[in-house]
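Engineer: I'd like to ask you about the structure that follows.
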């Protein structure tokens with residue numbers, strides 16, 4: 001009897017050894033390799049922004065289909081970066097305020113918002129947040145992805161053929177600077193069960209995030225593909241976030257149709273364009289008519 005048991009254990013051990021490691025445990029996501037990386041830092045400015053520019057008008061004034069399911073959000077704000085020379089002042093406030101506005105003005109359940117701030121905004125934490133929502137959402141739901149922090153450029157092995165890739169600058173899992181490249185984000189958001197996705201990037205070079213464009217998505221970018229983003233001490237926020245979310249959405253200064261009391265994404269973007277100085281916000285809008293978060 002003992003010989004039979006020993007033989008059985010040996011057979012089981014041999015079977016387990018032949019199973020690929022990826023089947024036994026999920027392989028950990030690893031950042032793609034990149035070269036010639038240059039961080040383009042968001043600029044903190046004292047005083048008040050003066051001027052602004054007229055908007056060409058992304059808003060149509062006509063609402064598209066409303067969300068009939070649940071609303072979810074990922075809010076990322078990084079003011080505290082590795083070391084001290086790259087620290088910012090208000091990116092964490094940007095993410096916190098934006099998440100509060102989603103709750104107060106658009107009915108988002110706080111339990112459905114994943115707020116990731118400063119040193120918690122690691123590569124693994126952000127990738128896992130996206131993947132978890134990908135498994136949770138249905139076709140009737142909506143997702144908002146918000147980022148405020150530094151941007152970077154370089155040549156990344158992220159699956160596209162671009163000569164220069166853009167990235168959001170985050171924390172690496174090793175405690176150093178980390179990067180999530182445009183091609184990586186594109187892959188992470190492929191196959192999402194919902195086509196109602198709103199992206200907001202308040203970072204330098206954010207205009208390069210058009211790789212994420214797809215039917216039903218709106219990508220709000222604080223500047224051009226080669227531009228710099230600013231935060232102002234007087235606003236205590238990133239300039240784009242302040243005008244897009246705080247004045248535009250929460251204070252309803254972006255509302256062009258006072259009768260409906262709604263502020264759509266496109267209305268908020270148009271308002272931000274008309275107020276921002278030193279930077280040129282851009283939008284990629286593949287949603288039918290205007291999207292109400």
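Engineer: Pop a pseudo-label 7 angstrom from the Cα along the beta-carbon direction at both residue 161 and residue 53 and give the gap in nm to one decimal.
Structural biologist: Each label point is offset 7 Å from its Cα along the Cβ direction, giving 3.1 nm.
Engineer: Also: Considering only the chain, what is the antiparallel percent among its DSSP beta bridges, to the nearest 5?
Structural biologist: Here the share of antiparallel DSSP bridges comes out near 40 percent.
Engineer: Considering the convex hull of the alpha carbon atoms of region 214-282, report its projected area averaged over all viewing directions, in nm², one decimal.
Structural biologist: If you wrap the Cα atoms of region 214-282 in a convex hull and average its projections, you get 5.2 nm².
Engineer: For 45, 144, which order do you get if you count the other beta carbons within 10 Å of each Cβ and list the fewest first?
Structural biologist: Listed from fewest to most nearby Cβ atoms, that is 45, 144.
Engineer: Within the P(r) computed for region 144-195, what percentage of the Cα pairs occupies the region above 17 Å?
Structural biologist: 43
Engineer: Let me ask another. How far is helix 2-18 tilted, in degrees, relative to the longest principal axis of the Cα atoms in the chain, given as a value from 0 to 90 rounded to the nearest 10?
Structural biologist: 40
Engineer: Taking Cα atoms, how many degrees apart are the long axis of helix 123-136 and the longest axis of the chain, rounded to 10 and kept between 0 and 90?
Structural biologist: 90
Engineer: Can you pull the one-decimal nm distance between simple spin-label points at residue 36 and residue 138, each 7 Å off the Cα toward Cβ?
Structural biologist: 4.8
Engineer: Only Cα pairs under 8 Å and at least 6 apart count here; give the relative contact order of the chain as a rounded whole percent.
Structural biologist: 24
Engineer: Now for a separate question. Angle, helix 265-275 long axis vs. longest principal axis of the chain, Cα atoms, 0 to 90°, nearest 10?
Structural biologist: That helix lies at roughly 50 degrees to the long axis.
Engineer: Something else about it: Compute from the Cα atoms of region 28-125 the Rg and the Dmax, the latter being the longest Cα-Cα distance, and quote both in angstrom.
Structural biologist: Radius of gyration, then largest Cα-Cα span, for region 28-125: 17.8, 48 Å.
Engineer: Can you put 60, 241 in order of Cβ neighbours within 10 angstrom, beginning with the fewest?
Structural biologist: Result, fewest neighbours first: 60, 241.
Engineer: What percentage of all Cα-Cα pairs in the chain are separated by more than 24 Å?
Structural biologist: 51
Engineer: With the convex hull built on the Cα atoms of region 169-248, state its orientation-averaged projected area in nm².
Structural biologist: 6.7
Engineer: Run the simple label-point estimate for residue 44 and residue 176 please: 7 Å along Cα→C-beta, distance reported in nm.
Structural biologist: 2.5
Engineer: At 37 °C and a viscosity of 0.692 mPa s, what translational diffusion coefficient does Stokes-Einstein give for region 85-177, taking Rh as the Kirkwood radius over Cα pairs? Give it in µm²/s as a whole number.
Structural biologist: Calculated translational D: 216 µm²/s.
Readers should treat all values here as calculations from the given coordinates under stated rules, not as data from a laboratory. A quick note: this is a predicted structure, and the numbers were derived from the prediction, not measured. Cβ sites come from the backbone with ideal geometry, for glycine too, and all protein chains shown count toward neighbours.
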